[in-house]
Amino acid sequence: MADTILFYIFAAFVLGGGVLTVTRRNSVHSALWLIVSLLGTAGLFLLQQAEFLFAVQIVLYIGGVVLLILFVVMLVNLDETARLRQFNKAWWVALACAAVVGAELWYVLSRGLETLELAEAPPANAAVEGNTERLADVLFSEYLLPFEIASLLLLVAIVGSVVMAKKRI
Amino acid sequence: MLHPITSAHFLVLSAALLLIGTIGVLTRRNMVVILMSIELILNAVNINLVTFSRHFGDVHGQIFAIFVITVAAAETAVGLGILIALFRNRETVLADEVDLLKW
């Protein structure tokens, strides 16, 4: 019962924050609503017993990505942009595409819900060891090579962003 | 009245968030907001991965979500670097005013 109420609260956070992120004129407001949406997602992770991802979501997404976006919004002068037209000339094409994608998603989901009967799964021996321990076990044994490749990707991203933001390329 | 939450609730929510993000990417002109919409899309994917991870009682989905978050952070850093370089050269952050390659 408490789970149900919490789910709807977090879902309202996620969807309301998302809609306002997309529609606000001022980029700072958009970034702040994005924080609300990401907080809702973090709550959903907590609801699904993914405690490690909850922490990662808050520290990395809200503390890292949104802060970076806010820095850039402050760095780049967006006051003139906020006064201009905010949406494309071809916005109706985009909305039509989104409607088609939505119809497809709804068709697939409604079929799947009937045949698969997605139900509550029993928590798999969650009491034996915590979520973080199980994640670490799998990450550092089975996914060791992808983990190292991800660190290489991060290095490339650091170097790339520094080079991009330099005065003289 | 209130049904207990199933995995289906999470899947429908994630589909809705994906649609909102897609509309943002396709209709907005401001590149900062487009980047934020991409974050929304990746969040929808993460919700899906975590939902199936719990549905099957398997942590592999959450590992994938960690990798998605890593790639999203890298993508944002590079994207914002490009945005700053673009603003320095063209004095604009509107996606449809950058049409040097268009004829």
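Of note:
- Scanning region A:1-53 for residues that are aromatic (Phe, Trp, Tyr) and touching a Gly at 6+ places or on another chain (Cβ under 8 Å) returns A:Phe10, A:Phe13, A:Trp33.
- Leading residue by the ranking (modelled with the highest pLDDT) among those in region A:117-169 that are in a helix (DSSP H, G or I) and of a type in the set (Ser, Thr, Tyr): A:Ser151
- If you go through region B:56-103 and keep only what is among the small types (Gly, Ala, Ser), more than 8 Å from every other protein chain (Cβ to nearest Cβ) and at positive phi, you end up with nothing.
- Of all residues in region B:47-91, those being among the charged types (D, E, K, R) and either within 20 Å of the chain's Cα centre (by Cα) or not in a loop (DSSP other than H, G, I, E, B) (or both) number 4.
- Test: residue in region A:34-51 that is surrounded by fewer than 20 Cβ atoms within 10 Å (Cβ to Cβ), modelled with pLDDT under 90 and within 9 Å of chain B (Cβ to nearest Cβ): yes
- Any hit, region B:8-23, residues being closer than 27 Å to A:Leu152 by Cβ and facing chain A (nearest Cβ under 7 Å): no
The values are calculated or read from the model by the stated rules, or taken from the named source; none is laboratory data. Here the structure is a predicted model, which is why all the values come from computation and not from measurement. Don't worry about glycine lacking a Cβ; one is built from the backbone with ideal geometry, like all the others, and counts go over all protein chains shown.
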